[in-house]
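Structure first, commentary second.
The values are calculated or read from the model by the stated rules, or taken from the named source; none is laboratory data. Everything numeric in this text was worked out from a predicted model, so none of it was measured. Reconstructed Cβ throughout: ideal geometry from the backbone, glycine too, with neighbour counts over all protein chains shown. Keep in mind that these areas ignore ligands, DNA and RNA; they rest on the heavy atoms of the full protein, side chains included. Shrake-Rupley method; radii C 1.70, N 1.55, O 1.52, S 1.80 Å.
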Amino acid sequence: MKTPIIALLAALTALGTSGAAQAGDVTINLTGVQARGGQLLVSLQTRDQYRQQVGFGDIIASPTAGTVRVTFRDVPAGDYALSVLHDKNGDF
């Protein structure tokens, strides 16, 4: 069974400095994570990529309770949606 722990639509902008837009790192701190086994599926996508298997993604196997930090590298400046799914039994 898939249990969503966070469904957050975030506008992540201003990754570059003034002038031309640049790619940068985006770090997300997921708080309140529970150690229930399985894995966390974390994705960062543009509006056009949302709910597709494209964009930036990370899988955290056997997350520990508390705060989990995820960093996406070289993300172009823009607006993104963040999705997090706790897949307890690996059926996703």
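Results, tabulated for the structure shown:
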quantity: Candidate residues TYR80, TYR50: accessible-area rank, largest first, probe 1.4 Å; calculated: TYR50, TYR80
quantity: Coil-residue trypsin sites (Lys or Arg not before Pro) of segment 31-72, DSSP, other Cβ within 10 Å capped at 12; calculated: ARG47, ARG51
